[in-house]
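Colleague: Sharing a structure here in structure tokens format.
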Amino acid sequence: DTGVSQNPRHKITKRGQNVTFRCDPISEHNRLYWYRQTLGQGPEFLTYFQNEAQLEKSRLLSDRFSAERPKGSFSTLEIQRTEQGDSAMYLCASSLALAGNYEQYFGPGTRLTVT
Amino acid sequence: KNQVEQSPQSLIILEGKNCTLQCNYTVSPFSNLRWYKQDTGRGPVSLTIMTFSENTKSNGRYTATLDADTKQSSLHITASQLSDSASYICVVSVGGAGGTSYGKLTFGQGTILTVHP
């Protein structure tokens with residue numbers, strides 16, 4: 001499978017616990033994005049990387065959230081001290097930053113439930 | 001504030017019928033507009049991407065239109081099939097200097113389409 005993969009697909013955690021999600025982009029893609037999607041809403045931008053550099057972060061990304069892409073390949077999104085409001089689908093997407101190439105490919109998402 | 005609004009919120013049609021979904025946006029500077037299909041519990045899948053200079057693009061039974069002057073887009077689905085049941089999301093990309101796209105997307109809330117046999 002050469003698409004974007006995300007692990008785990010589902011995560012149930014208790015409030016206050018830390019969680020970490022992983023995204024493996026399409027191998028030659030240099031851009032990687034994280035989005036959050038709550039029920040009945042479209043995804044909201046969280047952050048994106050070009051190679052290992054984190055170029056933009058949304059104001060939605062509070063201090064409890066941190067994302068990394070240490071080697072410019074896979075990325076992790078960590079949420080510390082989870083709150084019930086963090087329950088959502090976390091989507092990862094990747095793209096190849098070339099002139100005229102706008103396509104982002106999404107992974108299947110990680111559904112987080114905070115109890 | 002950059003916004004993308006879609007209508008209707010939900011739509012039920014019979015198999016074989018056509019339908020049109022609407023999208024209005026206020027994103028600026030505009031780079032491109034996309035329509036995605038999202039099945040329940042899955043990530044979005046791109047249907048069409050249109051830049052400022054394009055006013056229509058087709059992908060099989062899906063045809064998207066773009067009016068950059070009025071900042072409106074539509075997605076027309078022809079001869080609907082049961083597998084078309086999904087959420088259809090209009091997405092606008094913010095433009096950067098020189099017409100480049102930073103890749104930051106603003107999503108609409110989606111239109112939930114249900115196709116009945």
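The values are calculated or read from the model by the stated rules, or taken from the named source; none is laboratory data. Keep in mind that this is a model prediction, so the values were computed, not measured. Methodologically, a virtual Cβ is constructed for each residue, glycine included, from the backbone with ideal geometry; neighbour enumeration extends over all protein chains shown.
Colleague: What is the number of the single condition among (1) touching a residue at least 24 places away in the same chain (Cβ under 8 Å); (2) surrounded by 21 or more Cβ atoms within 10 Å (Cβ to Cβ); (3) among the aromatic types (Phe, Trp, Tyr); (4) over 19 Å from A:Lys14 (Cα atoms) that A:Tyr90 does not meet?
Modeller: Failed condition: (4).
Colleague: Ok, one more. Can you give me the ranges of the strands (runs of 3 or more DSSP E) entirely in region A:1-56 with at least 1 residues that are within 10 Å of the chain's Cα centre (by Cα)?
Modeller: A:5-7, A:19-24, A:31-37, A:44-50
Colleague: While we're looking at this one, here's another question. Quick check on B:Ser73: is it surrounded by 15 or more Cβ atoms within 10 Å (Cβ to Cβ), hydroxyl-bearing (Ser, Thr, Tyr) and touching a Gly at 6+ places or on another chain (Cβ under 8 Å)?
Modeller: no
Colleague: With a cut-off of at least 2 residues that are among the hydrophobic types (A, V, I, L, M, F, W, C) and either modelled with pLDDT under 95 or under 21 Å from B:Thr56 (Cα atoms) (or both), name the strands (runs of 3 or more DSSP E) lying wholly within region B:75-117.
Modeller: Passing ranges, in order: B:86-95, B:101-107.
Colleague: So, in region A:56-68, exactly how many residues are in contact with a Leu (Cβ under 6 Å, 6 or more places away or on another chain) and charged (D, E, K, R)?
Modeller: Within region A:56-68, residues that are in contact with a Leu (Cβ under 6 Å, 6 or more places away or on another chain) and charged (D, E, K, R) number 0.
Colleague: So, in region A:61-115, how many residues would count as being of a type in the set (Gly, Ala, Ser), within 16 Å of A:Leu32 (Cα to Cα) and within 14 Å of chain B (Cβ to nearest Cβ)?
Modeller: Here the count works out to 6.
Colleague: Criterion first (modelled with pLDDT of 95 or more, under 20 Å from B:Thr65 (Cβ atoms) and in contact with a strand residue (DSSP E or B) (Cβ under 8 Å, 6 or more places away or on another chain)) does B:Asn32 satisfy it?
Modeller: Spelling it out, it is not the case that B:Asn32 is modelled with pLDDT of 95 or more, under 20 Å from B:Thr65 (Cβ atoms) and in contact with a strand residue (DSSP E or B) (Cβ under 8 Å, 6 or more places away or on another chain).
Colleague: Output the residues belonging to region A:3-59 that are among the aliphatic types (A, V, I, L, M) and either buried (at least 21 other Cβ atoms within 10 Å of the Cβ) or at pLDDT 90 or above (or both).
Modeller: A:Val4, A:Ile12, A:Val19, A:Ile26, A:Leu32, A:Leu46, A:Ala53
Colleague: Write out, first by first residue and then by second, each pair whose Cβ atoms fall under 8 Å of each other, whose residues are 6+ apart or on separate chains, and whose first residue, in region B:20-39, is surrounded by fewer than 20 Cβ atoms within 10 Å (Cβ to Cβ) while the second is of a type in the set (Asp, Glu) and in a strand (DSSP E or B).
Modeller: Hits for this filter: B:Asn24/B:Glu5.
Colleague: For region B:16-49, how many residues are away from chain A (no Cβ under 11 Å), of a type in the set (S, T, N, Q) and assigned to a loop (DSSP other than H, G, I, E, B)?
Modeller: Selection size over region B:16-49: 3.
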